[in-house]
Amino acid sequence: MSKTERFLMAGVMGWPVMHSRSPLMHNYWFAQQGLAGTYVPLAIRSGNLAAALRALYPLGFAGCNLTIPHKQDAMAIVDEVDDVARKIGAISCVVVRGDGSLFGTNNDWLGFIGNVKEREPAWRADAGPIAVIGAGGGARAVCYALLREGAREIRLINRTPERAEAVAAALGGPIRLLPWAERHDALANVAMAVNVTSQGMVGLPALDLQLDALPKTALAADIIYTPLETPFLAAARARGNRTLNGLGMLLHQGPPAWKLWFGIEPTVTVELREKMEKSIGS
Ligand SMILES: NC(=O)c1ccc[n+]([C@@H]2O[C@H](COP(=O)([O-])OP(=O)(O)OC[C@H]3O[C@@H](n4cnc5c(N)ncnc54)[C@H](OP(=O)(O)O)[C@@H]3O)[C@@H](O)[C@H]2O)c1
């Protein structure tokens, strides 16, 4: 097979995966770049991940993204895991190298910070304390990004305290752990509050968080993008806070993956964002 053919294919492995918006996004970029390429959803059950990843090279894939339930399991399968993925504890992007070996990294943190910078150019991580509510995989990527950007105080709050302790131990830095019962008051004098729990997703209850202590100047962010506006964001917007939804995090982890797979960095355009918003609906 020629090099060119191998470099024009990628996909996302998950289970379930057919709901994924990643193909829409990546196939938009193939058109934007004038390239004949394809990005496909790959419905892979947990037990089949190793075989599926090893099949990427003979199938001519440049790499793939990973989503639920594969992000942690891939760590023990790929040939090399970089420091970022190790710290975050999950692989979001696999790269097939020229010799067929597999390299795993995590671009979710770049997605989060890329979106913040696109939407809020004046934003600074060291502008004030940042409350992060939740301590799962998404929280690790968000905290990693905030620390890399120079955050001076992250107030990390999770329903299950042990999980927050594990995040703080893995990432180090100025992470302050606060009990779940103090989550409402923990918003006092923050510059930013981020929901990284699954609460507020379509089909799940809203995040139980009172915003009275949240300064009106604070930025409220959610990493959920179904719905585009979670109850947390709607409540923040209603009281005058600036808000950021989770779609941009998905959009902005794409270009770094392309750079690794194809050596090209496509752009997150207004047209792409609108296409994705339309596909998600409200
Ligand atoms: N925009 C993006 O690109 C992007 C990337 C990654 C994730 N996400 C989204 O982010 C969300 C979280 O994903 P994840 O991978 O971090 O999930 P996860 O690892 O399963 O973590 C879930 C988090 O939600 C908390 N939680 C669950 N039920 C709760 C409840 N009833 N009350 C309070 N907290 C509760 C959990 O707390 P406990 O530890 O106490 O269970 C944990 O902190 C999902 O909606 C996911 O789709 C978006």
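How many residues, within the stretch 144-175, are over 22 Å from Met249 (Cα atoms), in a loop (DSSP other than H, G, I, E, B) and within 11 Å of the ligand (Cβ to nearest atom)?
Going through the stretch 144-175 one residue at a time, the tally reaches 2.
Of all residues being in a helix (DSSP H, G or I) and open to solvent by 40 Å² or more (accessible area, probe 1.4 Å) in the stretch 180-193, which is farthest from the ligand (Cβ to nearest atom)? Just the residue, please.
Selected residue: Asp185.
Take the stretch 204-224 and flag every residue that is of a type outside the set (A, V, I, L, M) and under 23 Å from Leu251 (Cβ atoms).
Within the stretch 204-224, just Asp222 meets the criteria.
Do the conditions hold for Asn107, that is, is it touching a His at 6+ places or on another chain (Cβ under 6 Å) and more than 22 Å from Leu178 (Cβ to Cβ)?
Taking the combined requirement at face value, the residue does not satisfy it.
Restrict the check to the stretch 230-249 and report whether at least one residue is away from the ligand (no atom under 16 Å from the Cβ), touching a strand residue (DSSP E or B) at 6+ places or on another chain (Cβ under 7 Å), open to solvent by less than 50 Å² (accessible area, probe 1.4 Å) and not in a helix (DSSP H, G or I).
Yes, the conditions are met somewhere in the stretch 230-249.
Grab the helices (runs of 4 or more DSSP H) fully contained in the stretch 48-135, keeping just those with 3 or more residues being away from the ligand (no atom under 16 Å from the Cβ) and open to solvent by less than 10 Å² (accessible area, probe 1.4 Å). Reasoning before the result, please.
Details: elements: 49-59, 83-88, 108-119.
Hits in the stretch 48-135: 49-59.
What single numbered condition from (1) more than 22 Å from Arg119 (Cα to Cα); (2) near the ligand (Cβ under 9 Å from one of its atoms); (3) of a type in the set (A, V, I, L, M) fails to hold for Val196?
(1)
The values are calculated or read from the model by the stated rules, or taken from the named source; none is laboratory data. A quick note: this is a predicted structure, and the numbers were derived from the prediction, not measured. Every residue, glycine among them, receives a Cβ derived from its backbone with ideal geometry; neighbour counts consider all protein chains shown. Heads up: the accessible areas ignore ligands, DNA and RNA and are worked out on the full protein's heavy atoms, side chains in. Shrake-Rupley method; radii C 1.70, N 1.55, O 1.52, S 1.80 Å.
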